[in-house]
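Scroll down for the structure; my scribbles are underneath it.
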């Protein structure tokens, strides 16, 4: 028997004792009426939930396609940049080097192929740089001053987010210039330095104080930070490479890490390499090392004291002008994993192979073979298999690769000298759920110093850390982050922007609000909790087509020596717009008119133009709706949900 509380409900989905669902006809139709009518539900698209920076990807793609139009005197790229940069102030950089996890989650892949999100971002970022677009104005001064330790992607992104909230900030950077791994870890043919400098200057223009060549722990103490600043963000990055775990590595002069090698190259100290280069890795850093070595080339003119390891370790610097003739160095890249499981971007691997790098995959290093002078002359390997995450050599498969210089690019860690109390024992700093350093109120952390990952991950973590830090400064407690932590579509903000926000609340009208102008009707925002899957979309609406592909210079092994020009070119504006139109706008109306055209009762209607905004294009006249759910079935974006009235 039903309880008294159950008897009070005016509607229950099942009768007492029911064990299965009724047919949909029974659920929907009751003579000429229905208890299920459409409501409009916003959900987060998987591209955004997959983006570590949390960009409003669907939002700036809608601008690119023309769904949201800029002011008459403004190009679409300018408005798209404004929306994009709310989350990520480095679109020109990320559009070049981000491996685009957003594209891996794109629902369009079920129809044909993902949207070229990264390519469109590249186009927008280059437009912003070429037209001198700014990041706007800082927020009203809060009176608070925050120290940022590290001037790489996480530290710079944190400075941007802090200034937008009105907090003053000072960046302490140990290197001579800002940029972190964007400057010292990625070669210029992937991130041109003029692009990097422009995107950094945009952030500094907001009023960011910078102290370069200043190391916390020696030049300034942790106690000084606590005394002089209201809060601290640790964004140190990971600028120390991990040694190869084989006996004798640390004492062998021509065995180096990828981080050391790339820093020497990017600082201009390294101008040539040895004849035979061996790189151990499998990720993007190892591919960068191998590709740089092929570009530098081998020179017999280098005296012994100018061996590459001397330039890398800072004992000397190469005089590039004195190196007359260069030959192609023999560069071998090895990986524990088979090629299809390597973490490096596939197109970067393809470029490296085309440029003359030899790849040996599925092998593990076993021992260094030394010459009489204690230098490495070869490295012994064995084929391997991965067992519970650990490589195991396969008996009888050993072989040797000779080398003049061996470079390990197998991982990185931070340098926490002077602030050892923050070290978790592995060269990193622990982070709580709100990016606060455990046990240290007012100290927050972001970027690779938590765990090495993508540049865009560092940008997203910085925004989250600032969100928590801002709440800490204003309320004394860090903020709780939402389940889906991205820059969400906000209908009320769109209505305000269009000057169509609801009227002030009328306390006299507390019943029958279906026509009240102070309320937003038949709309629900689930974006903070739900990601929309492809099975909620009407995929039959979308016609299969070809994805736009950026022009990529293909350099062969004969041409690569000395070629440090950029390989990747942006999409032309018109092509970027056409590609944006392939976006399925998952989880939000894109004004296709399907629901209006197919409603048999003419119950679904367009808002008058004077009342429309993005996400507010149609409404339902519930006095005419019979709950047939046709509008839901033909909605391409999954924006319509049957359930109002339950």
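Taken together, the residues in region 618-630 that are touching a helix residue (DSSP H, G or I) at 6+ places or on another chain (Cβ under 7 Å) and more than 20 Å from residue 520 (Cα to Cα) amount to 3. If the condition is being touching a residue at least 60 places away in the same chain (Cβ under 8 Å) and touching a strand residue (DSSP E or B) at 6+ places or on another chain (Cβ under 8 Å), then region 359-377 contributes 361, 365, 366, 367, 368, 370, 376.
When we screen 547, 606, 552 for residues that are in the same structural domain as residue 126 (by TED's automatic domain parsing) and touching a strand residue (DSSP E or B) at 6+ places or on another chain (Cβ under 7 Å), the only hit is 552.
Residue 85 meets each of the listed conditions (1) under 28 Å from residue 185 (Cβ atoms); (2) free of Cβ contacts under 8 Å to residues at least 40 places away in the same chain apart from (2).
Screening region 29-108 for helices (runs of 4 or more DSSP H) wholly inside it with 2 or more residues that are in contact with a strand residue (DSSP E or B) (Cβ under 7 Å, 6 or more places away or on another chain) returns the ranges 46-50. Taken over region 112-149, the residue count meeting the criterion of being buried (at least 20 other Cβ atoms within 10 Å of the Cβ) and touching a strand residue (DSSP E or B) at 6+ places or on another chain (Cβ under 7 Å) is 4. For region 114-131, does any single residue satisfy the condition of being under 28 Å from residue 169 (Cα atoms), over 20 Å from the mean Cα position of the chain (by Cα) and not in a helix (DSSP H, G or I)? The answer is yes; a qualifying residue exists. Taking region 271-302 as the range and being closer than 23 Å to residue 365 by Cβ and part of a loop (DSSP other than H, G, I, E, B) as the test, the residues that pass are 274, 275, 282, 283. Of the strands (runs of 3 or more DSSP E) entirely within region 327-400, those holding at least 2 residues that are under 29 Å from the mean Cα position of the chain (by Cα) and modelled with pLDDT of 95 or more occupy 330-335, 358-361.
Of all the numbered requirements in (1) outside the structural domain of residue 634 (by TED's automatic domain parsing); (2) over 21 Å from residue 91 (Cα atoms); (3) exposed (fewer than 14 other Cβ atoms within 10 Å of the Cβ), residue 534 misses one, and that requirement is (3). Report the residue count in region 271-281 for those that are closer than 19 Å to residue 412 by Cβ and at pLDDT below 95. Residues flagged as closer than 19 Å to residue 412 by Cβ and at pLDDT below 95 within region 271-281 amount to 0. Filtered by the rule that a residue be surrounded by fewer than 19 Cβ atoms within 10 Å (Cβ to Cβ) and over 39 Å from the mean Cα position of the chain (by Cα), region 599-625 gives 600, 601, 602, 621, 622, 623, 624. Scanning region 502-517 for residues that are in a loop (DSSP other than H, G, I, E, B) and either surrounded by 13 or more Cβ atoms within 10 Å (Cβ to Cβ) or modelled with pLDDT under 80 (or both) turns up 502, 505, 506, 507, 508, 509, 510, 511, 512, 516, 517. Look at (1) within 22 Å of residue 295 (Cα to Cα); (2) touching a helix residue (DSSP H, G or I) at 6+ places or on another chain (Cβ under 7 Å) and you find that residue 412 fails only one, number (1).
The values are calculated or read from the model by the stated rules, or taken from the named source; none is laboratory data. The structure presented is a predicted model; accordingly, all values stated were derived computationally and were not measured. No Cβ is skipped: glycine too gets one built from the backbone with ideal geometry, and neighbour counts run over all protein chains shown.
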